[in-house]
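Reading through the structure tokens given below for one structure.
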Amino acid sequence: MFSQDRICASIGAATAQEAVRQFRTAVGPGLRALAVELRLDYLRGPEERDALFRWLTRQPRLPTIIATCRTRRGGGRFAGSVQSELAILAQAVRAGCRWCDVEVESARQVKPDELRSALAPASLLISGHDFKRVPSGLARLPGELARFGAHAVKIAANCQDLADARRLLGIARGQRNLVVVPMGEGVLPARVLALREGSALTYACVAGATAPGQLSLDALRNVYRLGAGQSRGARQITRRTQVYGVIGDPIGHTLSPLLHNAAFAARGVDAVYLPFRVRDLRDFLSSIKEFGIAGFSVTLPHKESILRHLDDCDPLAAEVGAVNTVAVRGGGRLSGYNTDYVGVLKSIERRVSLQRSRVLLLGAGGSARAAAFALAWSGAAVNVCARRPARARALAREVGGEAIARGELRGEFFDVIVNCTPVGMYPGGGSPLKANELNCRVVMDLIYRPRKTELLRLAERRGIATISGVEMFLAQGAAQWEIWTGHRAPAAVMRRALLGALDAEEKAAVRT
């Protein structure tokens, strides 16, 4: 209908020059958008619109362009009348736009045949937006919008949680010429899952987002590997596509989607890995069957609480009391595993013989528990220092170790210090310890973003060897991938994808 690709690059700019720049980026190498939405209501006046239209008429070839001049009544920025809106859209059609998106608030004021005539030969996308909630009577809405002369209809609604997203996406199944847009920062994966459920389009921004929770075109292409062959490993997403993900809160820092989607692309697996910001575990667990979720990673704060929702658990993970990997088996059974300990052991054993070594763990949460048991099994003497002394004592007792107070660290020496807290994580920064508390041979930080945390920089300045969280992250991620797929993980591919992203991020930080 719009394009085989089903991904529409949304361009919102105040000037024609910036709109052209975004347009060229969207259709250029690496992104190659086949459908583009021009948000004409973003342009700051008729001069900028005219300049953009003149540029469009000079282009020898254009993708499918959807012209949108959304009024304030419909949630946009255009302050003019319906007649002015239609006149601008008619200009866009003459400049080469093949579709016009008209919000239902405007369509109600014009007879359907007059609306079609005014914008001919363009096709009509009649859209309804609710920026507060998912409206009631969803099943009736496509038919109601179609009566305004639509060739296709769009329903966009703010979703408070995944339950809302399930309701909205449910109306796309089995439909044609229907676009559903789940809005909201907390339901970002639903933007991708809309395609799996049958939405004719999903929108992606080229620069700034033009709607809440909108993903970037670059992310859809190069992280989630979605499209019609524009980038290596890109593919369409269908109901056969298996869904994996990571659950946590916060979740914006994670590079797990980059890691796992690169692996799926390398092995030709029809799957996509998405980040779910989960505050209510039950909300996510209720979505597993409907969204086709075949497995998921677990991060803070759910590594321990997920245990009570599992049908079975690997003995090692059960002993640790924390799970970072869940596989969805036949009948929807949830099986829990812990691969964090694999990453900890592999990373440290390259530098230090753990037998009879003295290790200090900072923190007593899920990651610290995995590290504590792994190190104790390997013969290390485990010490635990945490913000909550009672939790530190409890964990130390479980592994036959000792709890140590923060005030005692300056007078102690350890073979290895391991940060298992989120202090220092991108974008917050900071260090869980001061330089004079780092009395050890090796410092390891489980944080992988940034690759070199402030804690590791402090250690280096004192001449202490360091281990980045990248090593643990890669090891535990490869182990997760193998649990889910039953195949050997493409570790080299995963490493290149992760290091490439971290290198680019560090270079961007230097430039700014």
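The values are calculated or read from the model by the stated rules, or taken from the named source; none is laboratory data. The structure displayed is predicted, hence computed values, not measured ones. For neighbour counting, all protein chains shown are included, and Cβ atoms are generated from backbone atoms with ideal geometry for every residue, glycine included.
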Exercise for review: Scan the range 340-379 for residues that are out of contact with any Asp or Glu (no Cβ under 9 Å at 6 or more places or on another chain), under 19 Å from Ile306 (Cα atoms) and surrounded by fewer than 24 Cβ atoms within 10 Å (Cβ to Cβ) and report the count.
Suggested key: 0
Practice item. Determine whether the range 451-458 contains at least one residue that is touching a helix residue (DSSP H, G or I) at 6+ places or on another chain (Cβ under 6 Å) and more than 18 Å from Ala368 (Cβ to Cβ). Key: yes
Practice item. Evaluate the range 346-353: report whether one residue or more is touching a residue at least 60 places away in the same chain (Cβ under 8 Å) and either part of a strand (DSSP E or B) or in contact with a His (Cβ under 7 Å, 6 or more places away or on another chain) (or both). Key: no
Review point. Just for the range 289-309: of the residues that are under 17 Å from the mean Cα position of the chain (by Cα) and either polar (S, T, N, Q) or assigned to a helix (DSSP H, G or I) (or both), which one is nearest to Val187 (Cα to Cα)?
Key: Phe291
Check your understanding: Out of the range 413-434, which residues are under 21 Å from Val352 (Cβ atoms) and either loosely packed, with under 15 Cβ neighbours inside 10 Å or aromatic (Phe, Trp, Tyr) (or both)?
Key -> Phe413, Phe414
Check your understanding: Can we say Glu319 is charged (D, E, K, R), touching a residue at least 60 places away in the same chain (Cβ under 8 Å), part of a helix (DSSP H, G or I) and in the same structural domain as Gly330 (by TED's automatic domain parsing)?
Key -> no
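Does Gly331 satisfy being of a type outside the set (A, V, I, L, M, F, W, C) and either closer than 19 Å to Ala475 by Cβ or without any contact (Cβ under 8 Å) to a residue 12 or more places away in the chain (or both)?
Working: of a type outside the set (A, V, I, L, M, F, W, C): yes; either closer than 19 Å to Ala475 by Cβ or without any contact (Cβ under 8 Å) to a residue 12 or more places away in the chain (or both): yes.
Criteria met by Gly331.
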Point to revise | Flag if Leu458 is assigned to a helix (DSSP H, G or I), touching a Pro at 6+ places or on another chain (Cβ under 8 Å) and of a type in the set (A, V, I, L, M) | key: no
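Report those helices (runs of 4 or more DSSP H) wholly inside the range 60-127 carrying at least 1 residues which are in contact with a Ser or Thr (Cβ under 7 Å, 6 or more places away or on another chain) and buried (at least 20 other Cβ atoms within 10 Å of the Cβ). Full working, then the answer.
Working: elements: 82-94, 104-107, 112-119.
By residue number, 82-94, 104-107.
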Check your understanding: When residues of the range 302-318 are filtered for being charged (D, E, K, R) and over 18 Å from Gln476 (Cα atoms), how many remain?
Key -> 3
**Study point:** Options Arg191, Arg235; residue that is within 17 Å of Ile7 (Cβ to Cβ), charged (D, E, K, R), outside the structural domain of Arg77 (by TED's automatic domain parsing) and out of contact with any Gly (no Cβ under 6 Å at 6 or more places or on another chain)
**Key:** Arg235
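Residues of the range 242-254 being under 25 Å from Ala9 (Cβ atoms) and either at pLDDT 95 or above or not assigned by TED's automatic domain parsing to the domain that holds Leu300 (or both), which ones?
Going residue by residue through the range 242-254, those that are under 25 Å from Ala9 (Cβ atoms) are 243, 245, 251-252, 254.
Residues satisfying the conditions are Val243, Gly245.
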Review point. If Asp415 satisfies every condition in (1) in a helix (DSSP H, G or I); (2) more than 32 Å from the chain's Cα centre (by Cα) but one, which is the exception?
Key: (1)
Practice item. Select the helices (runs of 4 or more DSSP H) contained entirely in the range 140-252, then report the ones holding at least 1 residues which are of a type in the set (D, E, K, R) and in contact (Cβ under 8 Å) with a residue 24 or more places away in the chain. Key: 162-170, 188-197, 217-222
